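The structure under discussion appears below in the form of structure tokens.
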Amino acid sequence: MKNFSFSLAISLFAILFFASCNPKQQPENTDKNEIDTLSFILQGDSISAIMQRVLLSNVMQATKAGGPVYAVAFCNERAMPLTDSLSQKYNCQIQRISDKYRNPANKPSKNEEDVLLRMGSSNSGETMLVSENGKVIYYKPIRIAMPACLNCHGNAEKDIATKTLEVIMQKYPNDLAIGYKEGDFRGLWKITFPEE
């Protein structure tokens with residue numbers, strides 16, 4: 001009887017040992033997933049910060065050169081090419097999306113509208129990663145960061161000069177991107193990383 005119990009114990013131990021070594025039963029390597037997620041967040045944070053800095057720097061230079069009217073013209077002609085050049089440099093697709101867009105090219109899709117609603121209502125500065133069609137998409141909130149932004153995006157009666165508003169309406173007849181206050185949620189950076 002003693003040998004039977006010992007044999008049973010050894011058999012159970014062997015079954016458990018080999019079952020735990022079966023790769024199909026092993027959990028996925030969660031560290032790998034966490035590292036990938038962290039990597040995409042770090043890349044997205046870096047790229048969106050660089051893009052924000054480049055756009056703001058160029059808009060501020062344009063404003064110094066010719067005031068808000070000149071800045072509107074600059075954005076109309078140069079913002080998309082700047083975004084495209086940095087997209088190529090970083091091998092991703094960089095976009096700005098908003099439910100109150102100025103440029104129709106920034107009009108959100110239905111999925112993007114859902115993300116805008118969710119992130120805009122949370123009032124946090126947190127980023128979000130989404131997997132869609134085999135690609136990783138990074139979203140980060142954009143806020144009206146400084147009083148100078150209100151020269152083109154503020155209240156039409158009190159913040160935006162008449163001449164600036166005329167140029168905005170001329171270049172963007174269906175403009176929705178006014179009526180903001182400092183700190184308001186303006187939209188999202190959307191960075192799509194290619195399939196690996």
Filter result for Glu112 (under 13 Å from the mean Cα position of the chain (by Cα), in a helix (DSSP H, G or I) and of a type outside the set (A, V, I, L, M)): yes
Which of (1) out of contact with any Cys (no Cβ under 8 Å at 6 or more places or on another chain); (2) touching a residue at least 60 places away in the same chain (Cβ under 8 Å) is the odd one out, the single condition Leu42 does not satisfy? (2)
Residue list for the range 68-101, filter: closer than 19 Å to Lys140 by Cβ and basic (Lys, Arg): Lys89, Arg96, Lys100
Can you say whether Pro68 is part of a helix (DSSP H, G or I), at pLDDT below 95 and surrounded by fewer than 14 Cβ atoms within 10 Å (Cβ to Cβ), as far as the supplied structure shows? no
Matching residues in the range 103-123 - criterion: being crowded, with 18+ Cβ neighbours inside 10 Å and modelled with pLDDT under 90: Asn106
Taking the range 148-191 only, how many residues are under 21 Å from Leu116 (Cα atoms), of a type in the set (Ser, Thr, Tyr) and surrounded by fewer than 17 Cβ atoms within 10 Å (Cβ to Cβ)? 0
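Could you list, in sequence order, all residues of the range 115-150 that are on the phi < 0 side of the Ramachandran plot, of a type outside the set (Gly, Ala, Ser) and in a loop (DSSP other than H, G, I, E, B)?
The answer is Glu126, Thr127, Ile144, Met146.
Could you list all residues from the range 71-100 that are in a helix (DSSP H, G or I) and touching a residue at least 12 places away in the same chain (Cβ under 8 Å)?
Ala71, Val72, Ala73, Phe74, Cys75, Asn76, Arg78, Ala79, Met80, Leu82, Thr83, Leu86
The values are calculated or read from the model by the stated rules, or taken from the named source; none is laboratory data. In this text the structure is predicted, and so the values were computed from the model without any measurement. Every residue, glycine as well, gets a Cβ built from its backbone with ideal geometry; the counts of neighbours run over all protein chains shown.
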